[in-house]
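Q: Quick one: structure below, then a few questions.
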């Protein structure tokens with residue numbers, strides 16, 4: 001996703017002088033709580049050449065929703081609209097003064113898409129016990145951390161299962 005900075009369009013922000021441009025983008029089209037994505041930044045001078053070693057600073061204006069780590073990396077903490085401030089300085093003469101701008105990213109709540117149950121495929125006989133394990137998966141196929149499961153049996157006359165997943169054949 002190219003993040004359009006507040007005073008620019010299409011991910012490009014006009015810089016502090018004629019022809020100065022800053023392009024900031026993230027590799028994802030949306031972020032979910034728990035995502036960590038690296039921001040990519042390109043600064044071009046008046047002649048269109050990439051400015052080497054610009055001094056760049058990022059900070060989150062909404063640190064309760066997303067924070068910025070080294071890299072710069074965005075860490076999505078909770079659902080909402082995150083506002084990231086970007087400032088670019090020098091080196092002279094390519095950039096004469098500091099450019100400060102912001103970009104906004106929507107952070108979405110993670111939704112569980114499916115549940116996987118791990119149980120051995122061997123046939124069980126009366127008296128056998130087995131611990132069942134389950135894992136929740138997001139729509140992206142990632143593990144859904146923190147999911148809890150409550151177990152029950154549809155055929156309690158054949159098998160019982162405890163609330164924590166111990167299956168017993170009757």
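Values quoted throughout were computed directly from the atomic coordinates according to the rules given, and no laboratory measurement underlies them. Computed from a prediction, not measured in an experiment: that's the story for all the values here. We place every Cβ from the backbone using ideal geometry, glycine too, and count neighbours over all the protein chains shown.
Q: Is the shape of the range 71-170 best called rounded, prolate or oblate, per the rule: a/c under 1.5 gives rounded, else a/b larger than b/c gives prolate, else oblate, with a ≥ b ≥ c the square roots of the Cα gyration tensor eigenvalues?
A: Values: a/c = 6.36, a/b = 4.26, b/c = 1.49.
Judged from the Cα gyration tensor, the range 71-170 comes out prolate (a/c at least 1.5, a/b above b/c).
Q: Distance in nm between label sites at residue 102 and residue 169, each 7 Å beyond Cα in the beta-carbon direction?
A: Distance between label points: 6.3 nm.
Q: Quick check on the exposure proxy: order 84, 125 from fewest to most C-beta atoms within 10 angstrom. Before the final figure, lay out the partial values.
A: Details: 84 24, 125 7.
Going from least to most buried by this count: 125, 84.
Q: Could you please rank 112, 169, placing first whichever residue has the fewest other Cβ atoms within 10 Å of its Cβ?
A: Values: 112 11, 169 14.
Lowest to highest Cβ neighbour count: 112, 169.
Q: While we're on this one: Rank these for me by crowding, 129, 103, 62, going from fewest to most other beta carbons within 10 Å.
A: On the way: 129 13, 103 22, 62 17.
Least crowded to most crowded, the residues run 129, 62, 103.
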